[in-house]
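Student: Below you'll find the structure I mean.
The values are calculated or read from the model by the stated rules, or taken from the named source; none is laboratory data. The model shown is predicted, which means the values in this text are computed figures rather than measured ones. No Cβ is skipped: glycine too gets one built from the backbone with ideal geometry, and neighbour counts run over all protein chains shown. The protein model used for the area step is the full one, side chains on, heavy atoms only, and it has no ligands, DNA or RNA in it. Shrake-Rupley method; radii C 1.70, N 1.55, O 1.52, S 1.80 Å.
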Protein chains: 2
Amino acid sequence: MNEDVSGVTKEAISQAFRELQEEIIVGLEKADGAVKFTTEPWQHTTTGGGLTRVAANGRIIEKGGVNFSAVGGSMPEFMKTNHQITDSEFFATGVSIVLHSVNPHVPIIHMNVRYFETSGGTSWFGGGIDLTPHYVVPDDAQRFHEILRSVCNRFDPDFYPRFKQWADDYFFIPHRHETRGVGGIFFDHLKPDNAQEKTRFFQFVMAVGRSFLDCYVPFALSRCEAPFSQKEKVWQLLRRGRYAEFNLVYDRGTRFGLETGGRTESILMSLPPLARWAYDFKPEPGSPEAETLGWLRKGVEWI
Amino acid sequence: MNEDVSGVTKEAISQAFRELQEEIIVGLEKADGAVKFTTEPWQHTTTGGGLTRVAANGRIIEKGGVNFSAVGGSMPEFMKTNHQITDSEFFATGVSIVLHSVNPHVPIIHMNVRYFETSGGTSWFGGGIDLTPHYVVPDDAQRFHEILRSVCNRFDPDFYPRFKQWADDYFFIPHRHETRGVGGIFFDHLKPDNAQEKTRFFQFVMAVGRSFLDCYVPFALSRCEAPFSQKEKVWQLLRRGRYAEFNLVYDRGTRFGLETGGRTESILMSLPPLARWAYDFKPEPGSPEAETLGWLRKGVEWI
């Protein structure tokens, strides 16, 4: 392994992720005012473990988690096959967030930052933030994307357009012909060529992680006391059904976790507290629900 | 194609399945007393189509479907790869049922009978019935299995033990380390060697299909008026969450349908009207809920 490529260590990265988890939880508990995250450390079957922190029945957050993990072990067979890796061991660390809101006018939000390293010294970063409003508000979607673009632009002007499109492609539900929400940014396999680049990528994923509270809290605070009808609550539960479909059928992190014997309860913290399915539900033409469906497509330039 | 192997035609099979659908719906509407199944014909993108019949908000049935389809077209690539098929066209017909009940003391039931044929003349049958009680009642599970065994024994004494084990293996949720329910029978790729055997397999799947009302209605009627608490309703919604997990993550029919551009609303009629997820929910030791979990394992000999 070339020392020039090693750069920042996995210990430093997982430590920073752990601190990021704490920082975000402090911010969320303060914003919510009524919610308290639990703290549950767990051990991986091979090496390492995680700290699962979930919350339920808050003022803003109905159910959610801000999870940290740092695990290692033998390289899974499908990683060897799919990524042509010959190294025998892996290390992976990350922070994953999904928050389901009480109020249908507060969006579902998801954030993930992750780092993967092989015993041979290959390493990469991945992550992103995306927003799933039950009711799309274009101005909010624009402000959300502006925050992400400004984070990206501090590192590379190509990042936002590339990672925005990647999110459109990734958070897509083919069998529904709709995107999960208004997208955001998504990136994977950011492989540094040298130590300097590794540091820069690390700083980038940390900047993404640190932008999380800005991406969520102002929107949540501005809408969490908004009145809502029973009809709007039903619509929220139907949209959560779609969220569950995406996560269980397509989400790579979820399937990777379930198939490699990850900790099920931590992985599936992303599932909604309550979800609804109705046969062939179609909102009335011209209704806010129909308008939201009209926005759930790839390639919308929110900014 | 050898005429001796052709036996009963695909037209005869799909016609019988269509009649089976009708017969079951008549029986269910009569038993429920308050529910009316909708009738929605649809066309497949290539050849054929189906008749989707769903119901909601009945006395017994909260949401469910009894769907028929008969479709054909170009052989999907993965069928060629996974089953080493070189034939260019396929035909598939079947009836699929999932019923979610209002009352937590009435189980979820699933039934499927299906027939698949290639343009080269290879054909096979598949199907099964399985029961997912929110609260396992061993006597009911025994009676349910006895009905299935008696249907199987009219054809082959090996069928019940083989197909019972197949159901245990198939309806298993690895990431939860539990079976979906109390199992039943499941079989696939019943390939006839000659016309006589084809007729016999056809008669067998029809007998399975015709046993459906016996497998469901008496249990549903005996429990649909049972009083239940809010706690039992919550447990039902949690079990439905597991049902959704199995169908979206593992069920081959669901994934096959979604991945081959099947009709999403017909495929996903299996999803519950309302489902709940709670982080790391553990029932109190010794409670009826904990007892039910104790039964959700492979290899229970109910009879």
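Student: Determine if the range B:210-222 includes at least one residue that is more than 19 Å from the chain's Cα centre (by Cα) and either surrounded by fewer than 18 Cβ atoms within 10 Å (Cβ to Cβ) or without any contact (Cβ under 8 Å) to a residue 12 or more places away in the chain (or both). Lay out the reasoning, then the answer.
Tutor: Applying the first criterion (more than 19 Å from the chain's Cα centre (by Cα)) to the range B:210-222 yields B:221-222.
Of the ones still in play, those that are also either surrounded by fewer than 18 Cβ atoms within 10 Å (Cβ to Cβ) or without any contact (Cβ under 8 Å) to a residue 12 or more places away in the chain (or both) are B:221-222.
Yes, because at least one residue in the range B:210-222 is more than 19 Å from the chain's Cα centre (by Cα) and either surrounded by fewer than 18 Cβ atoms within 10 Å (Cβ to Cβ) or without any contact (Cβ under 8 Å) to a residue 12 or more places away in the chain (or both).
Student: Any idea which of (1) assigned to a loop (DSSP other than H, G, I, E, B); (2) at the interface with chain B (Cβ under 10 Å from one of its Cβ atoms); (3) open to solvent by less than 50 Å² (accessible area, probe 1.4 Å) is the one A:Ala226 doesn't satisfy?
Tutor: (2)
Student: Something else now. List the pairs whose first member sits in the range B:238-260 and is free of Cβ contacts under 8 Å to residues at least 24 places away in the same chain, whose second member is surrounded by fewer than 19 Cβ atoms within 10 Å (Cβ to Cβ), and whose Cβ atoms are under 7 Å apart, counting only residues at least 6 apart or on separate chains?
Tutor: Matching pairs, first to second residue: B:Leu258/B:Thr264.
Student: Inside the range A:45-83, can you point out the residues that are over 16 Å from the mean Cα position of the chain (by Cα), within 30 Å of A:Leu274 (Cβ to Cβ) and among the charged types (D, E, K, R)?
Tutor: A:Arg59, A:Glu62
Student: Among the hydroxyl-bearing types (Ser, Thr, Tyr) and farther than 30 Å from B:Ser123 by Cβ, is that true of B:Ser211? I'd like the intermediate steps shown before the answer.
Tutor: Details: among the hydroxyl-bearing types (Ser, Thr, Tyr): yes; farther than 30 Å from B:Ser123 by Cβ: no.
Answer is no for this residue.
Student: Out of curiosity, is A:Val234 at pLDDT 95 or above, open to solvent by 30 Å² or more (accessible area, probe 1.4 Å) and in a helix (DSSP H, G or I)? Can you show your working first?
Tutor: Details: at pLDDT 95 or above: yes; open to solvent by 30 Å² or more (accessible area, probe 1.4 Å): yes; in a helix (DSSP H, G or I): yes.
Spelling it out, A:Val234 is indeed at pLDDT 95 or above, open to solvent by 30 Å² or more (accessible area, probe 1.4 Å) and in a helix (DSSP H, G or I).
Student: Quick one: A:Trp42 ticks every box in (1) open to solvent by 30 Å² or more (accessible area, probe 1.4 Å); (2) more than 14 Å from chain B (Cβ to nearest Cβ) except a single one, so which number is it?
Tutor: In the conditions (1) open to solvent by 30 Å² or more (accessible area, probe 1.4 Å); (2) more than 14 Å from chain B (Cβ to nearest Cβ), A:Trp42 misses (2) alone.
Student: Now, a different point. From A:Phe37, A:Phe90, which residue is of a type in the set (Phe, Trp, Tyr), within 20 Å of the chain's Cα centre (by Cα) and surrounded by 17 or more Cβ atoms within 10 Å (Cβ to Cβ)? Walk me through how you get there before you give the answer.
Tutor: On the way: A:Phe90 fails: within 20 Å of the chain's Cα centre (by Cα).
Just a single option satisfies the conditions, and that option is A:Phe37.
Student: Out of (1) closer than 26 Å to B:Ala16 by Cα; (2) touching a strand residue (DSSP E or B) at 6+ places or on another chain (Cβ under 9 Å); (3) assigned to a loop (DSSP other than H, G, I, E, B), the odd one out for B:Phe155 is which?
Tutor: Every listed condition holds for B:Phe155 apart from (2).
Residue-wise test of (1) touching a residue at least 24 places away in the same chain (Cβ under 8 Å); (2) buried (at least 17 other Cβ atoms within 10 Å of the Cβ); (3) aliphatic (A, V, I, L, M); (4) in contact with a helix residue (DSSP H, G or I) (Cβ under 7 Å, 6 or more places away or on another chain).
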| position | (1), (2), (3), (4) |
| --- | --- |
| A:Arg154 | yes, no, no, yes |
| A:Tyr160 | yes, yes, no, yes |
| A:Ala167 | yes, yes, yes, no |
| A:Phe172 | yes, yes, no, no |
| A:Val182 | yes, yes, yes, yes |
| A:Ile185 | yes, yes, yes, yes |
| A:His189 | yes, no, no, no |
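Student: Would you say A:Arg239 is more than 9 Å from chain B (Cβ to nearest Cβ) and open to solvent by 60 Å² or more (accessible area, probe 1.4 Å)? Before you say what the answer is, go through the steps one by one.
Tutor: Details: more than 9 Å from chain B (Cβ to nearest Cβ): yes; open to solvent by 60 Å² or more (accessible area, probe 1.4 Å): no.
Answer is no for this residue.
Student: Give the number of residues within the range B:273-294 that are in contact (Cβ under 8 Å) with a residue 12 or more places away in the chain, under 19 Å from B:His175 (Cβ atoms) and either surrounded by 15 or more Cβ atoms within 10 Å (Cβ to Cβ) or in contact with a strand residue (DSSP E or B) (Cβ under 9 Å, 6 or more places away or on another chain) (or both).
Tutor: Let us first name the residues in the range B:273-294 that are in contact (Cβ under 8 Å) with a residue 12 or more places away in the chain, namely B:273-278, B:281, B:283, B:288-289, B:291-293.
In the following step, the residues that additionally are under 19 Å from B:His175 (Cβ atoms) were identified as B:275-278, B:281, B:283, B:292-293.
Then drop every residue that is not either surrounded by 15 or more Cβ atoms within 10 Å (Cβ to Cβ) or in contact with a strand residue (DSSP E or B) (Cβ under 9 Å, 6 or more places away or on another chain) (or both), which leaves B:275-278, B:283, B:292-293.
Going through the range B:273-294 one residue at a time, the tally reaches 7.
Student: Can I ask one more? Name the residue, out of A:Glu29, A:Glu77, A:Glu62, that is at pLDDT below 90, open to solvent by 30 Å² or more (accessible area, probe 1.4 Å) and acidic (Asp, Glu). Quick ask: steps written out before the conclusion?
Tutor: On the way: A:Glu29 fails: at pLDDT below 90; A:Glu62 fails: at pLDDT below 90.
Sole residue among the options that is at pLDDT below 90, open to solvent by 30 Å² or more (accessible area, probe 1.4 Å) and acidic (Asp, Glu): A:Glu77.
Student: A follow-up question, please. Confirm whether B:Arg297 is within 27 Å of B:Tyr160 (Cα to Cα), surrounded by fewer than 19 Cβ atoms within 10 Å (Cβ to Cβ) and at the interface with chain A (Cβ under 9 Å from one of its Cβ atoms). Working first, answer last.
Tutor: On the way: within 27 Å of B:Tyr160 (Cα to Cα): yes; surrounded by fewer than 19 Cβ atoms within 10 Å (Cβ to Cβ): yes; at the interface with chain A (Cβ under 9 Å from one of its Cβ atoms): no.
No, not satisfied.
Student: Turning to a different aspect of this structure: Looking at the range B:13-26, which of the residues that are open to solvent by 40 Å² or more (accessible area, probe 1.4 Å) and of a type outside the set (Lys, Arg) is farthest from the other protein chains (Cβ to nearest Cβ)?
Tutor: From the range B:13-26, those open to solvent by 40 Å² or more (accessible area, probe 1.4 Å) are B:15, B:18-19, B:22-23, B:26; that's our starting set.
Next, only the ones that are of a type outside the set (Lys, Arg) stay: B:15, B:19, B:22-23, B:26.
Details: B:Gln15: 26, B:Glu19: 23, B:Glu22: 19, B:Glu23: 22, B:Val26: 20 Å.
Checked the range B:13-26; the qualifying residue farthest from the other protein chains (Cβ to nearest Cβ) is B:Gln15.
Student: On to the next question. Name the single residue that is farthest from the other protein chains (Cβ to nearest Cβ) among those in the range B:242-272 being open to solvent by 10 Å² or more (accessible area, probe 1.4 Å) and among the aromatic types (Phe, Trp, Tyr).
Tutor: B:Phe256
Student: On to the next question. Here is a check on your reading of the model: is A:Asp193 within 14 Å of another protein chain (Cβ to nearest Cβ) and in a loop (DSSP other than H, G, I, E, B)?
Tutor: Numbers: within 14 Å of another protein chain (Cβ to nearest Cβ): no; in a loop (DSSP other than H, G, I, E, B): yes.
No: the conditions fail for A:Asp193.
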